[in-house]
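Here's the structure we're looking at; comments come further down.
The values are calculated or read from the model by the stated rules, or taken from the named source; none is laboratory data. Small disclaimer: the values here were computed from a predicted structure and weren't measured. For neighbour counting, all protein chains shown are included, and Cβ atoms are generated from backbone atoms with ideal geometry for every residue, glycine included. Protein only, heavy atoms only, side chains kept; ligands, DNA and RNA dropped before computing areas. Shrake-Rupley method; radii C 1.70, N 1.55, O 1.52, S 1.80 Å.
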Amino acid sequence: REPHLHFIKCILRYVKGTLDMGLHISAHSPLTSLTAYSDADWAGCPDSWRSTSSYCIYLGDNLVSWSSKCQTTVSRSSAERKYRVVAHAVAECCWFCQLL
């Protein structure tokens, strides 16, 4: 649809203008704690009624991973949508623990 094409063009313009930006990792930050934050809206997509899941993971004070995407299925309750995003964040944290 036309609105989706407009948003894709906005995203591409943003990416083109921020190619030289990146994540700054502090050398003096303690790398002993792995912290995750997560959230999800309920039926945020007006077309498919799917929830949008978001999480970010910090190693010390440094952001090392983040995700924001539409869930693959429609959640029947607010607890179910929260459970889904927490499960994805925990899986990512487990992967980081194995990596470290």
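Could you order Val85, Val74 so the one with the most accessible surface comes first? Probe is 1.4 Å.
The most accessible residue leads, giving Val74, Val85.
So what is the orientation-averaged projected area of the chain, using the convex hull of its C-alpha atoms, in nm²?
8.2
Relative to the present Cα-Cα distance, how much length would full extension add between Leu34 and Asn62 at 0.36 nm per residue of separation?
Separation in residues times 0.36 nm, less the Cα-Cα distance, equals 9.1 nm.
In square angstrom, rounded to the nearest 10, how much accessible surface does His4 have for a 1.4 Å probe?
80
Can you give the FRET efficiency for His4 and Trp49, using 1/(1 + (r/R0)^6), R0 = 22 Å, r = Cβ-Cβ distance, to the nearest 0.05?
For His4 and Trp49, the calculated efficiency is 0.85.
Can you find, among Gly60, His88, Gln71, the residue farthest towards the positive end of the dipole of the chain? Put +1 on the C-beta of Lys and Arg, -1 on that of Asp and Glu.
Toward the positive end, the furthest listed residue is Gln71.
For region 44-100, what is the accessible area per residue in Å² when the probe is 1.4 Å?
In whole numbers, region 44-100 has 65 Å² accessible per residue.
Using amide H atoms built in the peptide plane, which far-off residues or other-chain residues are under 5 Å from Ser65 H to H?
Ile57
How would Cys56, Cys94 line up by accessible area, probe 1.4 Å, largest first?
Heavy-atom accessible area, descending, gives Cys94, Cys56.
Sort Glu2, Glu92 by accessible area with a 1.4 Å probe, largest first.
Glu2, Glu92
What figure, in Å² to the nearest 10, do you get for the accessible area of Leu59 with a 1.4 Å probe and non-protein molecules left out?
My reading of the accessible area for Leu59 is about 20 Å².
Under 17 Å from a point placed 7 Å out from the Cα of Leu19 along the Cα-to-Cβ direction: which residues of region 51-75 have their backbone N that close?
Backbone N within reach: none found.
Taking all protein chains as present, what is the carbon and sulfur share of the accessible area of the chain, in % to the nearest whole number, probe 1.4 Å?
It is 62 percent, rounded to a whole number.
Comparing Arg13, Arg50, Arg81, which has the greatest mean-square fluctuation in the GNM of the chain with Cα pairs linked when under 10 Å apart?
Greatest mean-square fluctuation among the candidates belongs to Arg13.
Modelled label-to-label distance, Ala27 and Lys69, 7 Å Cα→beta-carbon offset: nm?
3.5
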